[in-house]
Amino acid sequence: MNTSTPSVLFVCLGNICRSPLAEAALRVEAARAGLAVEADSAGTGDWHVGSPPDPRAQATAKRHGIDISGYRGRQVTAEDFHRFTHIFALDGENLKGLRRIRPSDGTAHLGLLMDLIPGREGSGVTDPYFGEDAGFEVTWDDVSGAARAIVTMLQDAR
Ligand code: 4NP
């Protein structure tokens, strides 16, 4: 499996703010680097299954050159641990939730997204949902930095 195209799943709580932006940022950075990678996102919660990303997340992605209006929320499943090579949690609570549903024979590498950024290890990407619009730019900066680190990691692994 690991000799095929890498596949990365980002997981937050609602799958309408942080993880869709992380998915989008990886698509942007991978395209920039000419790297083939599959990207997807999901939530540990089920409130927004079938919903498009938050309008503020859509606007942020658009400002950075990617249209995420067609993304739809879905809930993460145990099967995802067999479908993806890498699963990244956007914060520690979601990492705990992922550890609870991870099957013992799951093959995906599971990690905390910000662990990829020197100096940010152990931290979460702040949820911008209940905050000001500007919080979504902070989210974009965080997930873009992590996406660049993922691209470098995947390139080094080839
Ligand atoms: P996300 O943000 O986890 O970054 O998608 C949230 C969006 C909605 C809710 C929580 C977090 N909610 O409780 O509805």
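Expressed as a whole number of Å, what is the distance separating the alpha-carbon centroids of the range 113-151 and the range 87-108? So the separation of the two Cα centres works out to 18 Å. Taking Lys and Arg as +1 and Asp and Glu as -1, the other residues whose beta-carbon sits under 15 Å from that of Asp40 total +1.
Which of the chymotrypsin sites (Phe, Trp or Tyr not before Pro) found in the range 41-143 are loop residues per DSSP with 12 or fewer other Cβ atoms within 10 Å of their Cβ?
On the way: sites: Trp47, Tyr71, Phe81, Phe84, Phe88, Tyr129, Phe130, Phe136, Trp140; in loops: Trp47, Tyr71, Phe84, Tyr129, Phe130.
Sites meeting the loop and neighbour criteria: Trp47, Phe130.
With R₀ fixed at 22 Å, the C-beta to C-beta distance from Ala36 to Ala78 puts the FRET efficiency at about 0.25. A simple spin-label model places pseudo-atoms 7 Å from Cα toward Cβ; at Arg100 and His64 they are separated by 2.9 nm. For the range 31-112, the Kirkwood radius over C-alpha pairs fed into Stokes-Einstein at 20 °C and 1.002 mPa s yields D = 151 µm² per second.
Using 0.36 nm per residue, how much length does the chain from Gln155 to Thr5 gain when fully extended, once their Cα-Cα distance is taken away? Present the calculation step by step, with values, prior to reporting the outcome.
Details: separation 150, 0.36 × 150 = 54.00 nm, distance 1.14 nm.
Fully extending the segment from Gln155 to Thr5 adds 52.9 nm.
The share of accessible area on the chain that comes from carbon and sulfur is 50 percent, using a 1.4 angstrom probe.
Given 4 °C and 1.567 mPa s, compute D for the chain with the Stokes-Einstein relation, Rh being the Kirkwood radius over Cα pairs; round to the nearest whole µm²/s.
Details: Rh = 15.3 Å.
Answer from the Stokes-Einstein relation: 85 µm²/s.
When exposed loop sites are taken as GluC sites (Glu not before Pro) in a DSSP loop with at most 12 other Cβ atoms within 10 Å, the longest stretch of the chain clear of them is 1-78. Here the dipole of the chain is about 260 debye; that uses its Cα centre as origin and unit charges on the Cβ of Lys and Arg (positive) and Asp and Glu (negative).
Could you give the accessible area per residue of the range 35-158, probe 1.4 Å, as a whole number in Å²? Each step should come with its number before you reach the end.
Numbers: 6540 Å² over 124 residues.
Here the residues of the range 35-158 average 53 Å² of exposed surface.
Cβ under 11 Å from Arg27's Cβ, Arg27 left aside: what net charge do those residues give with Lys, Arg +1 and Asp, Glu -1? Result for the neighbourhood of Arg27: -4.
Determine the calculated [θ] at 222 nm for the chain from helices alone, applying -39500 (n - 2.57) to every DSSP H run no shorter than 4 residues and normalising by the residue count; nearest 500 deg cm²/dmol.
Working: 5 runs with 62 residues, N = 158.
Using -39500 (n - 2.57) per qualifying helix, the result is -12500 deg cm²/dmol.
The values are calculated or read from the model by the stated rules, or taken from the named source; none is laboratory data. From a predicted model like this one, the values you see are computed outputs, not experimental measurements. Cβ atoms come from the backbone with ideal geometry, glycine included; neighbour counts cover every protein chain shown. Heads up: the accessible areas ignore ligands, DNA and RNA and are worked out on the full protein's heavy atoms, side chains in. Shrake-Rupley method; radii C 1.70, N 1.55, O 1.52, S 1.80 Å.
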